[in-house]
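Visitor: Structure in structure tokens, see below.
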Amino acid sequence: MSSNLDFGKVSIIIPTVNEHYLSYIISSLKKQTKKPYELIIISKGFDPKLAEGLCSKLDFKYTVIEQRKGGFTQALNIGKSEAKGNLLIFADDDIIAPPDWVEKYIKLHEFYGSIVACISGREQYYDLSTATIKYSPDEKMRVQLYRKMIRPLFDRPHHLLKMYKLGVYLTNNFDISVGKNIPYKQCFSFPLRGANMSFKQDSISGLKFPEHPLLKRAPGNEQHLGLQLFLKGYQMVYSPENPVLHIMHESLSRPQKKIEITNEFEIMRSLFSKLLQENK
């Protein structure tokens, strides 16, 4: 188990395929009450010098790595292998972090101690044009009612994962489900989404996000890493206390062709099943 609770070195990892919104997250990192040790950007599909230019005025270390092949999870693994911090925070390229974002993650990890390897946080949708916070899909009334009334009856957690039923969990069919505590209440939970999640470095040493030649977005990659942590004996927590603003824009949901996303979910189910079979 993890024993190092000194989080003086925080690495922030951001994969990106579009430099358009990067300036917002980078500007918000300049204002952090606790400066990160380093920022690692993995860029694909555009000149990495554009990202380097945006980072040039940071008063902490930054690294921009050009990704020449592979998909999203390969980018995550590149950033993970490059990171030198003892606390790793993963974020999307289109978020805005509050000034105490890094500091709160440090305090949360110190509070929960070594048994909790992952803490993930809330996303709030942000409209740049009006500078207002909008309802996210998690906050819609019909979603909340479904999670409270229907999901406990039909989407029950895998028999090994009952403690995660109020947060993000896997069902017996290896589907990803979200319980009634998301997004408002703290609970045991697999990582919610990659836009706002953190890991103790030594707990994920030797682990990788899932890679497969047919995976592009790899839906459930966060939960796949979470399952690996669970099988190592670690716990995971969701906290609404450390949100980020997710900028609203047309490609926020990252649409794919229906057949592609269906195939990716099937691949991920097989990967979840394989992990559990190997660890019986």
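The values are calculated or read from the model by the stated rules, or taken from the named source; none is laboratory data. Keep in mind that this is a model prediction, so the values were computed, not measured. With ideal geometry, Cβ positions are generated from the backbone for all residues, glycine too; neighbour counts draw on all protein chains shown.
Visitor: Applying the selection to the range 38-60, what residues are among the hydroxyl-bearing types (Ser, Thr, Tyr) and surrounded by fewer than 19 Cβ atoms within 10 Å (Cβ to Cβ)?
Guide: Residue satisfying the conditions is Ser56 alone.
Visitor: Right, something else. Hey, can you tell me all the residues within the range 137-162 that are among the aliphatic types (A, V, I, L, M) and touching a Leu at 6+ places or on another chain (Cβ under 7 Å)?
Guide: Selection gives Leu161 alone.
Visitor: Please verify whether the range 150-157 includes one or more residues that are farther than 14 Å from His246 by Cα, in contact (Cβ under 8 Å) with a residue 12 or more places away in the chain, under 20 Å from the mean Cα position of the chain (by Cα) and crowded, with 19+ Cβ neighbours inside 10 Å.
Guide: Within the range 150-157, none of the residues are farther than 14 Å from His246 by Cα, in contact (Cβ under 8 Å) with a residue 12 or more places away in the chain, under 20 Å from the mean Cα position of the chain (by Cα) and crowded, with 19+ Cβ neighbours inside 10 Å.
Visitor: Could you tell me which numbered condition Ile259 fails, if it satisfies all but one of (1) among the hydrophobic types (A, V, I, L, M, F, W, C); (2) modelled with pLDDT of 95 or more; (3) surrounded by fewer than 14 Cβ atoms within 10 Å (Cβ to Cβ)?
Guide: (2)
Visitor: Right, something else. Consider Tyr126 against the criteria (1) crowded, with 18+ Cβ neighbours inside 10 Å; (2) within 17 Å of Cys187 (Cβ to Cβ): it satisfies all of them except one. Which criterion is unmet?
Guide: Of everything listed in (1) crowded, with 18+ Cβ neighbours inside 10 Å; (2) within 17 Å of Cys187 (Cβ to Cβ), Tyr126 misses just condition (2).
Visitor: Something else about it: If I ask for residues that are crowded, with 20+ Cβ neighbours inside 10 Å, in contact with a strand residue (DSSP E or B) (Cβ under 9 Å, 6 or more places away or on another chain) and of a type in the set (A, V, I, L, M, F, W, C), which ones from the range 162-175 would you list?
Guide: Leu166, Val168, Leu170
Visitor: Also, quick follow-up: Looking at the range 67-88 only, could you name the residues that are of a type outside the set (Lys, Arg) and part of a helix (DSSP H, G or I)?
Guide: Phe72, Thr73, Gln74, Ala75, Leu76, Asn77, Ile78, Gly79, Ser81, Glu82
Visitor: I'd like to verify a number: residues in the range 121-150 that are β-branched (Val, Ile, Thr), part of a helix (DSSP H, G or I) and in contact with a strand residue (DSSP E or B) (Cβ under 8 Å, 6 or more places away or on another chain), how many? Lay out the reasoning, then the answer.
Guide: As a first pass, look at the range 121-150 and keep what is β-branched (Val, Ile, Thr): 130, 132-133, 143, 150.
Checking which are part of a helix (DSSP H, G or I) leaves us with 143, 150.
Remaining after also requiring in contact with a strand residue (DSSP E or B) (Cβ under 8 Å, 6 or more places away or on another chain): none.
Going through the range 121-150 one residue at a time, the tally reaches 0.
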